[in-house]
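The values are calculated or read from the model by the stated rules, or taken from the named source; none is laboratory data. All of these numbers come straight from a predicted model, not from anything done at the bench. Methodologically, a virtual Cβ is constructed for each residue, glycine included, from the backbone with ideal geometry; neighbour enumeration extends over all protein chains shown. Accessible surface is based on the protein model in full, side chains and every heavy atom, while ligands, DNA and RNA are left aside. Shrake-Rupley method; radii C 1.70, N 1.55, O 1.52, S 1.80 Å.
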Amino acid sequence: MEIQHEGLKAWIAEAAGITKPDRIYLCDGSAEEDARLKKEAIATGVFHTLDEQKWPGCLYHRSHPKDVARTEGRTFICTKTKRDAGPMNNWMDPAEAKAMVMPLFDGCMKGRTMYVMPYVMGPIGSPYSRVGVEVTDSLYVVISMRIMTRMGKAALEMLGTDKPFVKGFHSLGDLEPENKYILHFPEEDAIWSIGSGYGGNALLGKKCHSLRIASFQAKNEGWMAEHMLILGMEAPDGEVTYMAAAFPSACGKTNLAMLESPLKEQGYRVWTVGDDIAWLNVGPDGRLWAMNPENGFFGVAPGTSANTNPNALNTVTKNSLFTNVLQGKNGEVWWEGMDVPPPSDGTDWLGNPWTPGNGVNGAHPNSRFTAPVSQCPTLSPKWQDPQGVPISAIIFGGRRARLAPLVYQSYDWNHGVYVGATMASEQTAAAEGKVGVVRRDPMAMLPFCGYHICDYLAHWIDMGQKISHPPKVFHVNWFRKDANGKFLWPGFGENIRVLAWIAERTKNAGKAVETPIGYIPTKDGLMLEGVNVSDGALEQLLAIDPADWKQELAEHKEFLAKFGEDLPKGIMEQYEKLVSRLEK
Ligand code: SAT
Ligand code: MN
């Protein structure tokens, strides 16, 4: 395998000139290479083996204890002007940013190997797929990227002699938090990341490329890169309705993407296309088509069980990587909320001896599994379709104890954009920050939008003009509670009942009533046979409390003020309309 691309050769030489590795290794992505690199990673302690009978092909990794999650405070958008990074991103001048981290990169790979990984985001052969090349000194990153992306030879072939690619420059550095930087140069299709070996900070194909850099490319080129799952909902007539959904973290995105239907016998089920990122393009038919740029799942382990997400559990039984979960004495893995008895003895995510009930978590709350999408039992046969899947519904959501009904449909595209722009979630104990505090997160893109948030919302509004048959836009809230703090809706698999209503609405069917905030199901609009939701609970689930909404609107106004003077007119128009509908 030889590089035919002069630009790539020059860039690799430049990277090596800075980092000064002893060796440069070009990854071909083959199974043979994977096995060889895993052996080396095991020998050097990067990975630990697991019980080959119970967890065939699986490995265990523990990250640096201070390097266990994305670090938004160390993440920067380096555009020429501060304005173009917008009010929600950290900004640095590109030249200053590079000068600042250059001493950290200088000679950082001395005595070690620099791995060069060409990768494709998106199915091989899709017109919507893109190439990136990441250089790294981390075997954990290489072995993970082979699952998360289409890595190696195919990418080099797609690159040819002169195709563009995103340049990912990564090193573990010294892993000290104050020497950690995740720098994005959207105007140069480049990412520089140092000081982290964890997930989104280091597997540069994921959030850095497929969201931050891609969102910027998408704005310039007329498509969309969104933080969305993609699923197909099959109805008894066999028709599959495709939907894309954005939720803030801790709202069950992976669970919804892999929903196990309790109504399979009646003909309702979900097909998984993706669980985290969607690239959306306007097709020749004027519809919006979505594809999953990823090849793997990087999911939160704790809370994943046979009850909450049996399909995720079945996905990770082989050929998967586990990071920062509990490592059992007999080569098993375990995490809190797995709903099986813990091993009698093990080593926790920090590497300390652990026994059940010793008072500390065995797994870090953000511990992860890394698994091939292809192993998902609910995998959609169309998940690698070069055209993607046609999206009929976009779903926004959040975790709200009051306020938001179980589901509502926006009036039109622009109203839907407003719903996404103001979406919010209440903090859970699992996330940082105070429990119950409302965090607003437009389209769940706040940490992932690679440019000015106002330009992003303007792009959404523009796209409404470009899509002649736009998807309908919905909002869901699985987390509404009664006066005693009890969840009103069973959630998980039963959410298929809501998806079924959404699917009907996309075909201009489904019983609905108009309210000031949008269309909600009539009392008999949702399919509720066989689920334990009383009439009273249903009433509360669908209630729209004017006092709560008045308060909510005041918060919208305050939040939108933070966007500054570039906030698109279309957004404030929707705000005014909502105010006047609620006043009536
Ligand atoms: O680390 S990732 O960014 O890939 C996952 C997450 O934090 O959302
Ligand atoms: Mn995500």
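Has the stretch 1-11 got any residue that is modelled with pLDDT of 95 or more, over 19 Å from ALA154 (Cα atoms) and assigned by TED's automatic domain parsing to the domain that holds LEU139?
There is at least one residue in the stretch 1-11 that is modelled with pLDDT of 95 or more, over 19 Å from ALA154 (Cα atoms) and assigned by TED's automatic domain parsing to the domain that holds LEU139.
Given (1) under 13 Å from GLU72 (Cα atoms); (2) touching a Leu at 6+ places or on another chain (Cβ under 9 Å), where does ALA190 come up short, assuming only one miss?
In the conditions (1) under 13 Å from GLU72 (Cα atoms); (2) touching a Leu at 6+ places or on another chain (Cβ under 9 Å), ALA190 misses (1) alone.
Looking at the stretch 449-463 only, could you name the residues that are closer than 22 Å to ILE391 by Cα and open to solvent by less than 20 Å² (accessible area, probe 1.4 Å)?
Correct list: CYS449, TYR456, LEU457, HIS459, TRP460, MET463.
Within the stretch 129-145, can one find any residue that is open to solvent by 20 Å² or more (accessible area, probe 1.4 Å), out of contact with any helix residue (DSSP H, G or I) (no Cβ under 9 Å at 6 or more places or on another chain) and either closer than 30 Å to MET1 by Cβ or part of a loop (DSSP other than H, G, I, E, B) (or both)?
Within the stretch 129-145 (the criterion being open to solvent by 20 Å² or more (accessible area, probe 1.4 Å), out of contact with any helix residue (DSSP H, G or I) (no Cβ under 9 Å at 6 or more places or on another chain) and either closer than 30 Å to MET1 by Cβ or part of a loop (DSSP other than H, G, I, E, B) (or both)), the answer is no, since none of the residues qualifies.
Would you check which residues across the stretch 260-282 are in a loop (DSSP other than H, G, I, E, B) and either under 21 Å from ASN366 (Cα atoms) or open to solvent by 50 Å² or more (accessible area, probe 1.4 Å) (or both) and list them?
Answer for the stretch 260-282, where residues must be in a loop (DSSP other than H, G, I, E, B) and either under 21 Å from ASN366 (Cα atoms) or open to solvent by 50 Å² or more (accessible area, probe 1.4 Å) (or both): GLU260, PRO262, LYS264, GLU265, GLN266, ASP275, ASP276, ILE277.
Is it the case that VAL120 is outside the structural domain of THR315 (by TED's automatic domain parsing), open to solvent by less than 50 Å² (accessible area, probe 1.4 Å) and in a loop (DSSP other than H, G, I, E, B)?
no
Can you name the residue in the stretch 236-247 that is assigned to a strand (DSSP E or B) and open to solvent by 20 Å² or more (accessible area, probe 1.4 Å) and is also farthest from ligand 2 (Cβ to nearest atom) among such residues?
VAL240
Take SER193 and tell me if it is crowded, with 24+ Cβ neighbours inside 10 Å, at pLDDT 95 or above, more than 16 Å from ligand 1 (Cβ to nearest atom) and closer than 28 Å to ARG62 by Cα.
The answer is no for SER193.
Within the stretch 20-58, which residues are in contact with a strand residue (DSSP E or B) (Cβ under 6 Å, 6 or more places away or on another chain), under 30 Å from PRO103 (Cα atoms) and open to solvent by less than 40 Å² (accessible area, probe 1.4 Å)?
Those that are in contact with a strand residue (DSSP E or B) (Cβ under 6 Å, 6 or more places away or on another chain), under 30 Å from PRO103 (Cα atoms) and open to solvent by less than 40 Å² (accessible area, probe 1.4 Å): PRO21, CYS27, PHE47.
Please verify whether the stretch 198-210 includes one or more residues that are assigned to a loop (DSSP other than H, G, I, E, B), within 16 Å of ligand 2 (Cβ to nearest atom) and open to solvent by 10 Å² or more (accessible area, probe 1.4 Å).
Scanning the stretch 198-210 turns up no residue that is assigned to a loop (DSSP other than H, G, I, E, B), within 16 Å of ligand 2 (Cβ to nearest atom) and open to solvent by 10 Å² or more (accessible area, probe 1.4 Å).
Given the criterion surrounded by fewer than 23 Cβ atoms within 10 Å (Cβ to Cβ), small (Gly, Ala, Ser), away from ligand 2 (no atom under 16 Å from the Cβ) and not in a strand (DSSP E or B), identify the matching residue among ALA250, ALA218.
Going through ALA250, ALA218 in turn, just one is surrounded by fewer than 23 Cβ atoms within 10 Å (Cβ to Cβ), small (Gly, Ala, Ser), away from ligand 2 (no atom under 16 Å from the Cβ) and not in a strand (DSSP E or B): ALA218.
Could you tell me whether ASP285 is within 15 Å of ligand 1 (Cβ to nearest atom) and either part of a loop (DSSP other than H, G, I, E, B) or buried (at least 23 other Cβ atoms within 10 Å of the Cβ) (or both)?
Taking the combined requirement at face value, the residue does not satisfy it.
Need pairs with beta-carbon distance below 6 Å; first residue closer than 21 Å to SER249 by Cα and in contact (Cβ under 8 Å) with a residue 12 or more places away in the chain and within the stretch 354-369, second open to solvent by 10 Å² or more (accessible area, probe 1.4 Å) and more than 16 Å from ligand 1 (Cβ to nearest atom); sequence gap 6+ or separate chains.
ASN361/GLU336; ALA363/GLU336
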